[in-house]
Structures are given as structure tokens and as C-alpha cells.
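A short worksheet on the structure shown next.
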Ligand code: GRG
């Protein structure tokens, strides 16, 4: 059995791989429109845990996918994620000034540029998925493009953000909170795992459902932990403003359950997620380790 340091080494090497892929696909900052291209690179490069691409790489180990394909799929998901952070930080949404330990995109550049950064990153994500061979079967690749579109759109992340904006100042029940986060945070995390797997050999329907269940549980666990960290960690550790949820009067797992129950919920979700991987044996080692990282992380 491999230990934590082996996971740290694996994660580090794939974080570097995704960084190189993102460097390569982002427009050159010296090419016009330079300010927009500089801001796109600023928003994406040199920060973030890269959890979504790591999930794509880990899931792809189940289906023996080509790493070059997975890097492109993982980069597409990370571009969507980076766009969502840039837009989420805008004054019309969360109005935040710190992200990944540096000034938010609209603070460093300006609001109009930040809006365009999000738009352009989203377009680039789909361009990547359409422009490179990611699956042997063209119809599978079309399914992959559709999957990311649904995960990012009004029935996925953007819809979750709409639920979130509507919930400010309201009190939500646990099922309502879950519905919001399955969309806002969970949809893209789920897409990352499924896209990584789909770059390789096709899985039987039952196995795809197992992976999907894993991804749903871990996507929700990610958000529960995010809420706990917002309440307990410092701004310096997180690289983003801590304690914001309570100040903005947002319903969270901590406001509904308290820290201790929220932690128990995250651990229960981790156990459910891990159980869904039993059928995959050693091929799911990295997914198991990532599940542990997501729930036990301190930032
Ligand atoms: C603006 C369409 C639109 C959507 C925004 C994802 C999102 C929806 C907003 C981000 C705000 C937020 C705090 C979401 C909760 C969980 C989350 C996605 C945290 C940030 O993700 P990490 O921790 O960030 O993976 P890094 O910086 O490590 O990539």
C-alpha cells in the first residue's frame, strides 16, 4: 500500500502537468488584445489546488486513458472553474478582493476586463474539447462536450450560482442546501471525473454509475469542507477571504448543522464515495487518495 508522501508526489507531478497544459493553451500575453490575454493568464496560472484536473487524471487511471488527452480535458474543466471564480468575485456577485493569495482579476485589471476573461475562458474550454482528439469514438467526444456544457450551464454550475444568489439572507433546509451545492460546486467536480474516465476505454454502465456516485458524493463533501474552512481557517491559509459566508448571511452547512456535524457529514460522504470505488480495486487508488485529500484538507 502506498503512503501519503507517494500521493503528494503524484499530485505534485500532475499539478505541474496541468500547469504546463494551461500555459500552452492560453493565448500569448503579447498577442492582441494584450490586456485581455494578460488577464486570462493572470486568472488561471500559478495558483489553485487543481483538484478538478487531478480528479480527471485519477479517474482516467480506471480506464487506462492517454495522459495527453486527459490533460486537455482537465485543462478545459479548470478553465471553466477559473472563469467561475473570476465572475463570482465581481462586485455584482460576491464582491471579493482576494483570490488564490492575490488581488482578484477585476481588482488587478478592471471589471469589464474580468467579465471578458470569464467569457473567453469559457469559450476556450469548449474550443479545446472540440479541437483535439480526446476519445477514439467521435460520438463519445460529442458526449463529452455535451457533458461539460450541461455541468457549466443553468442546470449545473451557473444554475447553482443563481440558487446561491437567491438564498442570501434566507434560511435553507438541508435538502435545499444540498440541491444548491450539487449544482454550484458538485456539477463541475462530477464532470471532471467523468471526462477523465471517458478519455479511455469505455466503462460498463454499472461502472460508470459507480464512478458517477463517487463524484457526486465527493463534490458535495468538497463543499461541506469549504464551508467548514470558511468558518474556521484564516484568510492567509486559504488565500481567499475567510469568514465571508457568515458576514454575507449565507446559509451554509456550518450555519445549518454547526461545525462538528458538518465535519461528520463530510466524512460520511467520503465513506459513501469510497464504497462506490470498491469494484475498481487498485485502479481507483488515486481517486481514494484524492477523496481523503478533499475531506481532510486544511486549505
Ligand atoms: C459565476 C457562473 C458562476 C459560477 C460561480 C463555483 C462558483 C460558482 C463560485 C465560486 C465560489 C465558491 C466559494 C464556491 C464554493 C466552492 C468552490 C468552488 C471553491 C473554490 O474552489 P477551489 O477550492 O479553488 O478548488 P482553487 O483556488 O483551489 O482552484
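Filtered by the rule that a residue be in contact with a strand residue (DSSP E or B) (Cβ under 8 Å, 6 or more places away or on another chain) and in contact (Cβ under 8 Å) with a residue 24 or more places away in the chain, region 100-118 gives 105, 108. You will find that of 215, 197, 192, the residue that is within 14 Å of the ligand (Cβ to nearest atom) and not in a loop (DSSP other than H, G, I, E, B) is 192 and no other. Scanning region 159-171 for residues that are part of a helix (DSSP H, G or I) and in contact (Cβ under 8 Å) with a residue 40 or more places away in the chain yields 161, 164, 165, 167. Going through region 54-90 one residue at a time, which ones are without any contact (Cβ under 8 Å) to a residue 60 or more places away in the chain, within 14 Å of the chain's Cα centre (by Cα) and within 12 Å of the ligand (Cβ to nearest atom)? Across region 54-90, the qualifying residues are 79, 82, 83, 85, 86. Is it the case, given these coordinates, that residue 202 is surrounded by fewer than 23 Cβ atoms within 10 Å (Cβ to Cβ) and in a loop (DSSP other than H, G, I, E, B)? Criteria met by residue 202.
Among the residues making up region 218-256, those that are within 14 Å of the ligand (Cβ to nearest atom), under 19 Å from residue 176 (Cα atoms) and in contact (Cβ under 8 Å) with a residue 60 or more places away in the chain are 218, 221, 222, 225, 248, 250, 251, 252, 253.
Being closer than 30 Å to residue 282 by Cβ and buried (at least 24 other Cβ atoms within 10 Å of the Cβ): is that true of residue 68 here? Here the answer is no, as residue 68 does not meet what is asked. Those residues that are away from the ligand (no atom under 16 Å from the Cβ) and touching a helix residue (DSSP H, G or I) at 6+ places or on another chain (Cβ under 6 Å), I need them from region 141-173; list them, please. If the condition is that a residue be away from the ligand (no atom under 16 Å from the Cβ) and touching a helix residue (DSSP H, G or I) at 6+ places or on another chain (Cβ under 6 Å), then 144, 145, 147 are the ones that fit. The condition of being part of a helix (DSSP H, G or I) and closer than 26 Å to residue 23 by Cα holds for only one of 107, 140, that being 107. All conditions but one from (1) under 19 Å from residue 260 (Cα atoms); (2) free of Cβ contacts under 8 Å to residues at least 60 places away in the same chain apply to residue 209; the one that does not is (1).
Laboratory data are not the source of any read-out in this text; all were calculated from the coordinates shown. No experiment lies behind these values; they were computed from the predicted model shown. Neighbour counts are summed over all protein chains in view; Cβ atoms, including those assigned to glycine, are modelled from backbone coordinates with ideal geometry.
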